[in-house]
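Trainee: Below is a structure I'd like to ask you about.
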Amino acid sequence: MDLSNKSPENIEFMIEEIKNKLRVVNAAAIKPSHFNDEQYEDLKDIYDMVMKKNTFSISEMEAIVTELGSLRKSEE
């Protein structure tokens, strides 16, 4: 998959892969619709970092989920 292009499909792919890799318990709390093109580069950075690691400590997982939460677009 070519993640160099900003698209809703790529955002959805990255979010789903991050959730799968981290085995997020409350996966419904992190939805691709919560993110837009403005956060794409930050989201891609998180995705790249998550995909490179095989295991995560609890604190690393919490930090990643917290960072994803801070990237969520504000509800209007």
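Trainee: Per-residue HN-Hα couplings for segment 52-60, Karplus 6.51 cos²θ - 1.76 cosθ + 1.60 at θ = phi - 60°, whole Hz, x for Gly and Pro?
Mentor: Each residue of segment 52-60 in turn: 6, 9, 8, 9, 9, 6, 4, 5, 5 Hz.
Trainee: Okay, moving on. Answer with one residue from ASN54, GLN39, ALA29: the one whose Cα lies farthest towards the positive end of the charge dipole of the chain, charges on Cβ with Lys, Arg +1 and Asp, Glu -1.
Mentor: My answer, from the dipole projection, is ASN54.
Trainee: Through the Karplus equation 6.51 cos²θ - 1.76 cosθ + 1.60, θ set to phi - 60°, convert the phi angles of segment 23-39 into ³J(HN,Hα) values in whole Hz; use x for Gly and Pro.
Mentor: 6, 4, 6, 9, 4, 5, 6, 10, 10, x, 5, 6, 10, 9, 4, 5, 9
Trainee: Continuing with the same structure: Based on alpha-carbon atoms only, what is the radius of gyration of segment 24-76 relative to the globular estimate 2.2 N^0.38 Å? Provide the component values of the computation, followed by the final result.
Mentor: Numbers: Rg = 11.5 Å, N = 53, 2.2 N^0.38 = 9.9 Å.
So segment 24-76 has a normalised radius of gyration of 1.15.
Trainee: Another question about this same structure. Counting only helical runs of four or more DSSP H residues, what would the 222 nm mean residue ellipticity of the chain come to if each run contributes -39,500 (n - 2.57) and the total is spread over all its residues? Can you show the working numbers first?
Mentor: Details: 3 runs with 42 residues, N = 76.
The helix contribution divided over the chain gives -18000 deg cm²/dmol.
Trainee: Place a +1 charge on the Cβ of each Lys and Arg in the chain and a -1 charge on the Cβ of each Asp and Glu, then give the dipole magnitude about the Cα centre in debye, rounded to the nearest 20.
Mentor: Details: 10 positive and 16 negative charges, 74 e Å.
About 360 debye.
Trainee: As an exercise, use a Förster radius of 30 Å and the Cβ-Cβ distance of MET61 and ASN36 to find the FRET efficiency, rounded to the nearest 0.05. Don't jump to the answer; show the numbers that get you there.
Mentor: Working: r = 24 Å, r/R0 = 0.80.
After rounding to 0.05, the efficiency reads 0.80.
The numbers here are math on the coordinates, done by the rules we state, and not lab data. Predicted, not measured: the structure shown is a model, and the values here were computed from it. No Cβ is skipped: glycine too gets one built from the backbone with ideal geometry, and neighbour counts run over all protein chains shown.
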